[in-house]
Amino acid sequence: MSGMEDVTWLDATGQAELVRRLEVKPVELLESAIERVEALNPRLNAVVTPMFDQARSAAAGVIPDGPFKGVPFLLKDVVAACKDVRMTLGAGILQHFVADHDSELVRRLRRAGLIILGKTNTPEFGLLPTTEPRLFGPCRNPWDTGRSTGGSSGGSAAAVAAGMVPMAHGNDGGGSIRIPASCCGLFGLKPTRARNPLGPDFGDLIGGLVAEHALTRSVRDSAALLDATSGPDIGDPYWAPPPVRPFIREVGANPGRLRIALLGQLPGGPPLHPDCAAAWQDAAALCADLGHEVEEVQPELSYAAVSESFMLLWSASLASTIDTIFRHVGQPPEADQFEPLTWALYENARRHSAADYLMTITNLQRTARKFARWFTNHDVWLTPVLSEPPVPLGQFGSTPDHPLQGMDRATEYVPFTPFANVTGQPAMSVPLYWNRDGLPIGAHFMGRFGDEATLFRLAAQLEEARPWQGRRPPVSA
């Protein structure tokens with residue numbers, strides 16, 4: 001090796017192979033990653049809580065002999081708790097809160113050999129498809145620092161795209177892995193509901209909408225990481241169907257001739273930007289060239305009804321989180337402690353009853369069953385990820401006079417990805433297209449419930465047909 005710069009753009013699997021062959025030491029990988037974080041973070045604001053001392057101790061100690069032994073990794077500052085490290089959820093009221101335990105996912109990440117060196121930026125309570133919290137300020141897209149990284153895993157996406165680390169943790173309750181993957185030119189898979197654990201703090205989150213995983217530069221990293229972290233935890237309320245074989249074995253396997261349904265416009269949904277339409281059409285043409293059967297479909301969906309139900313679930317979950325926090329504080333929450341949108345959603349939840357919540361769950365489960373029936377005729381659905389390319393920063397702001405403005409804008413921007421959260425199906429954003437402005441635009445593929453295997457086979461085929469790992473954003477290591 002001529003220097004540590006030679007490993008910067010290796011994926012996590014490649015870096016781990018160097019460690020296993022004793023060609024590089026974990027402490028060397030870590031110090032190189034820390035240097036990149038320190039050099040790039042002032043421009044991107046991706047890492048909000050450095051954990052360098054903890055990481056150095058871990059890298060110098062006995063590292064579990066997992067698939068990613070010695071590889072640097074970043075943790076999103078939402079849901080996944082990390083012992084003795086602050087956990088803010090992007091909210092000012094939690095800026096001094098320190099977790100007293102590791103979540104089960106973090107324990108599994110450590111057993112995989114990963115060295116966690118920091119936590120990444122996220123919108124307040126992970127609510128928006130952009131990463132611009134009042135607490136930490138905006139995270140900037142390395143492809144254009146005036147634009148959004150997407151959200152809510154925007155800090156993780158920016159860090160991976162810029163080369164700080166080869167992959168980073170994310171979670172997804174409405175597209176929060178796939179949105180920033182699209183905006184930052186990465187591979188982002190939301191697994192099947194309950195594929196990864198949420199314990200010990202949660203059985204599920206937001207009525208089963210939330211899934212844990214990561215943003216990666218390669219398909220094989222995503223598959224191998226899912227092998228390392230997936231499977232039920234003790235006491236989980238339910239779990240995903242077990243895979244037939246390890247997911248990593250699907251990478252490079254022949255997907256066969258898939259039946260791919262094309263959906264480029266939702267009834268009653270927002271119009272599609274020409275660049276997003278072009279990216280979707282380009283992905284469809286590539287799939288056809290690879291021998292897959294593609295056909296346009298138009299299912300009977302009420303976009304407005306699903307959006308309304310989705311909003312109530314998010315509001316109710318947020319209110320539960322805030323009430324739990326302030327029950328420990330011993331005083332009621334006040335509006336000035338939160339961003340205007342957060343408080344508006346909290347008040348919205350307080351206006352609804354428990355019966356409203358259960359009816360909403362029933363309505364969304366009805367939608368999930370419809371989707372399951374539609375999937376009997378297709379293996380995969382292909383849609384756009386977003387209705388627009390990465391947008392300029394500042395478009396999702398809310399004011400006291402218009403507190404829901406940010407969420408209204410989000411509903412326009414993110415029409416497709418929430419359906420996979422409603423149904424629990426696996427879905428992925430694949431970086432196949434860049435527009436004339438040099439901005440990445442992902443293609444969104446949704447698989448059958450429990451069938452990440454087909455998505456990994458297809459993703460690896462697309463990666464081979466149109467490699468993306470050689471692309472570097474203007475702000476990068």
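The values are calculated or read from the model by the stated rules, or taken from the named source; none is laboratory data. Bear in mind the structure is a predicted one, so any value in this text is a computation, not a measurement. Positions of Cβ are generated from backbone atoms using ideal geometry, with glycine treated the same way; all protein chains shown enter the neighbour counts.
The condition of being in contact with a Pro (Cβ under 6 Å, 6 or more places away or on another chain), modelled with pLDDT of 95 or more and surrounded by fewer than 22 Cβ atoms within 10 Å (Cβ to Cβ) holds for only one of D236, D227, that being D227. The residue that is farthest from A58 (Cα to Cα), counting only those in segment 109-126 that are within 18 Å of the chain's Cα centre (by Cα) and either hydrophobic (A, V, I, L, M, F, W, C) or surrounded by fewer than 23 Cβ atoms within 10 Å (Cβ to Cβ) (or both), is F125.
Might you let me know whether segment 340-348 holds any residue that is modelled with pLDDT of 95 or more, assigned to a loop (DSSP other than H, G, I, E, B) and not acidic (D, E)? Scanning segment 340-348, I find no residue that is modelled with pLDDT of 95 or more, assigned to a loop (DSSP other than H, G, I, E, B) and not acidic (D, E), so the answer is no. Entry remark, segment 215-236: residues being part of a loop (DSSP other than H, G, I, E, B) and either in contact with an Asp or Glu (Cβ under 6 Å, 6 or more places away or on another chain) or free of Cβ contacts under 8 Å to residues at least 24 places away in the same chain (or both) number 3 in total. When segment 50-74 is filtered for residues that are hydrophobic (A, V, I, L, M, F, W, C) and under 18 Å from H96 (Cβ atoms), only M51 remains.
Within segment 94-104, identify whether any single residue is within 28 Å of A211 (Cβ to Cβ) and under 19 Å from the mean Cα position of the chain (by Cα), and answer yes or no. Yes: one or more hits. Of the residues making up segment 84-108, those that are part of a loop (DSSP other than H, G, I, E, B), in contact with a Ser or Thr (Cβ under 9 Å, 6 or more places away or on another chain) and not aromatic (F, W, Y) are V85, M87, T88, L89, G90, A91, Q95, H96.
Among the residues of segment 49-59, is there at least one that is exposed (fewer than 15 other Cβ atoms within 10 Å of the Cβ), free of Cβ contacts under 8 Å to residues at least 60 places away in the same chain and either touching a Leu at 6+ places or on another chain (Cβ under 7 Å) or of a type in the set (S, T, Y) (or both)? Yes, segment 49-59 contains at least one residue that is exposed (fewer than 15 other Cβ atoms within 10 Å of the Cβ), free of Cβ contacts under 8 Å to residues at least 60 places away in the same chain and either touching a Leu at 6+ places or on another chain (Cβ under 7 Å) or of a type in the set (S, T, Y) (or both).
Hey, does segment 281-298 have a residue that's modelled with pLDDT under 95 and of a type outside the set (D, E, K, R)? Scanning segment 281-298 turns up at least one residue that is modelled with pLDDT under 95 and of a type outside the set (D, E, K, R). Taken over segment 307-345, the residue count meeting the criterion of being under 25 Å from the mean Cα position of the chain (by Cα), over 20 Å from D204 (Cα atoms) and in contact (Cβ under 8 Å) with a residue 12 or more places away in the chain is 9. Inside segment 265-307, residues that are acidic (D, E), within 14 Å of V380 (Cα to Cα) and surrounded by 13 or more Cβ atoms within 10 Å (Cβ to Cβ) make up a count of 1.
Does segment 134-149 include one or more residues that are among the small types (G, A, S), crowded, with 24+ Cβ neighbours inside 10 Å and closer than 18 Å to M51 by Cα? Within segment 134-149, not a single residue is among the small types (G, A, S), crowded, with 24+ Cβ neighbours inside 10 Å and closer than 18 Å to M51 by Cα. Please work out which residue is surrounded by the fewest Cβ atoms within 10 Å (Cβ to Cβ), limiting yourself to segment 358-399 and to residues that are in a helix (DSSP H, G or I) and of a type in the set (A, V, I, L, M). Filtering first and then ranking leaves L358.
On the stretch given as segment 285-300, residues that are touching a residue at least 60 places away in the same chain (Cβ under 8 Å) and among the aliphatic types (A, V, I, L, M) total 4.
Please work out which one of (1) more than 14 Å from M167 (Cβ to Cβ); (2) more than 22 Å from the chain's Cα centre (by Cα) is the condition A16 fails and give its number. Going through (1) more than 14 Å from M167 (Cβ to Cβ); (2) more than 22 Å from the chain's Cα centre (by Cα) one by one, A16 breaks only (1).
For segment 424-473, a residue qualifies if it is outside any loop (DSSP other than H, G, I, E, B) and among the basic types (K, R), and exactly one does: R457. Out of all the residues in segment 452-468, which are surrounded by 18 or more Cβ atoms within 10 Å (Cβ to Cβ) and of a type outside the set (K, R)? Passing the criteria: E452, A453, T454, L455, F456, L458, A459, A460, Q461, L462, E463, W468. Whether a residue is basic (K, R), surrounded by fewer than 14 Cβ atoms within 10 Å (Cβ to Cβ) and either out of contact with any strand residue (DSSP E or B) (no Cβ under 9 Å at 6 or more places or on another chain) or not in a helix (DSSP H, G or I) (or both) was assessed, and R409 does not pass this test.
Please indicate, with yes or no, whether at least one residue in segment 227-235 is closer than 23 Å to A319 by Cα, of a type in the set (D, E) and out of contact with any Leu (no Cβ under 9 Å at 6 or more places or on another chain). Looking for residues that are closer than 23 Å to A319 by Cα, of a type in the set (D, E) and out of contact with any Leu (no Cβ under 9 Å at 6 or more places or on another chain), one finds none in segment 227-235, hence no. Number of residues in segment 308-333 that are modelled with pLDDT under 95, more than 17 Å from T423 (Cα to Cα) and surrounded by 20 or more Cβ atoms within 10 Å (Cβ to Cβ): the value is 0.
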